[in-house]
Amino acid sequence: MGNKKDYNYYDMFVKMVDYSCQAAEMLHDVLTNFDADKLHDKITEMHNLEHGADMCKHDMMNKLVREFITPIEREDIMELAQELDEVTDNIEDVLLRVYMYNITAIRPEALEFSNVIVSCCKALKKAMEDFHNFRKSTTVQTSIIEINRLEEVGDKLYTESVRRLYVNCKDPIEIIAWTETLDRLEKCCDACEHAANVVESVIMKNS
């Protein structure tokens, strides 16, 4: 009986990060094959993914309220669910910025960024898929190291992209639009790292 319950939470984590992966792939696809006329529809699609992740989180919270025995501490489950939800939220945010600022052409750095975000989410998913086995698994630890590495790649990319924008761009409106959008792209990598940090602290507490 115990195992079945434990399994549930871990399954939900995988499901949540799966929404993040889909959102990241979609963001990368939208930016790569950019078409401003289709943006509104894509935002609706993206919002459905974000809503799915939200529902997973609420589901988990409802379960937590009723259960006495959880596989890891309740606070950790709540925090991890929150952080995984943030990843999808942040990815949606990027698309909303592109729409709100009426961006009509995508800067190449943004594609590099969305590519890094896809990799971050994949590494996070790998960690979640083996998280139920974190006491024995080396995969979880390896994935966390990879997420930290990718977050550093994102940081460098952010610094260089913003600099390039201010060196080469003369249009103040474009500068504002891209400053905000690049900031949001960077936050996606941060969100993945925050989730990885929670996983790491769970491992520390339980070993």
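Sorting Ser114, Ser201 by accessible area puts them as Ser201, Ser114; the probe is 1.4 Å, largest comes first, and only protein heavy atoms count. The protection proxy used here, the mean number of other Cβ atoms lying within 10 Å of each residue, ranks peptides 167-173, 23-29 as follows, highest first: 23-29, 167-173. Note that the stretch 1-157 presents 52 Å² accessible area per residue, ligands and nucleic acids not counted, probe 1.4 Å. By the equivalent-ellipsoid construction on the alpha carbon gyration tensor, the chain comes out with semi-axes of 34, 18, 12 Å, ordered largest to smallest. When the C-alpha to C-alpha distance is required to be over 32 Å, the pairs from Lys63/Lys187; Lys42/Lys205; Lys42/Lys136 that qualify are Lys42/Lys205; Lys42/Lys136. Once you have a ≥ b ≥ c as the square roots of the Cα gyration tensor eigenvalues for the stretch 113-207, tell me rounded if a/c is under 1.5, and otherwise prolate or oblate according to whether a/b is larger than b/c. Prolate. Each listed q (0.14, 0.16, 0.17 Å⁻¹) maps to a log10 I(q)/I(0) for the stretch 1-123 from the Debye sum over equal C-alpha point scatterers, namely -0.63, -0.76, -0.82. Computed with a 1.4 Å probe over protein heavy atoms only, the accessible area of Ile145 comes to about 110 Å². Rolling a 1.4 Å probe over the protein chains gives Tyr166 an accessible area of about 120 Å². Based on the reciprocal of the average 1/r between different C-alpha atoms, the Kirkwood radius for the stretch 66-135 equals 14.8 Å.
Treating the stretch 108-168 as a set of equal point scatterers at the Cα positions, no solvent, please give the Debye-formula log₁₀ I(q)/I(0) at q = 0.24 Å⁻¹. Each listed q maps to, in turn, -0.89. Measuring only protein heavy atoms, the 1.4 Å probe finds Val14 accessible over about 30 Å². Accessible area ranking (1.4 Å probe, heavy atoms, ligands and nucleic acids excluded), largest first, for Arg66, Arg164, Arg74: Arg66, Arg164, Arg74. Using just its DSSP H runs of length 4 or more, each adding -39500 (n - 2.57), the chain gives a mean residue ellipticity at 222 nm of -30000 deg cm²/dmol after division by all residues. I'd like the orientation of helix 172-205 relative to the chain: the angle between its Cα long axis and the longest Cα principal axis, in ° from 0 to 90, rounded to 10. On a 0 to 90 degree scale, this one is about 10.
The values are calculated or read from the model by the stated rules, or taken from the named source; none is laboratory data. Owing to the predicted nature of the structure, the values given are computational and were not obtained by experimental measurement. Don't worry about glycine lacking a Cβ; one is built from the backbone with ideal geometry, like all the others, and counts go over all protein chains shown. Heads up: the accessible areas ignore ligands, DNA and RNA and are worked out on the full protein's heavy atoms, side chains in. Shrake-Rupley method; radii C 1.70, N 1.55, O 1.52, S 1.80 Å.
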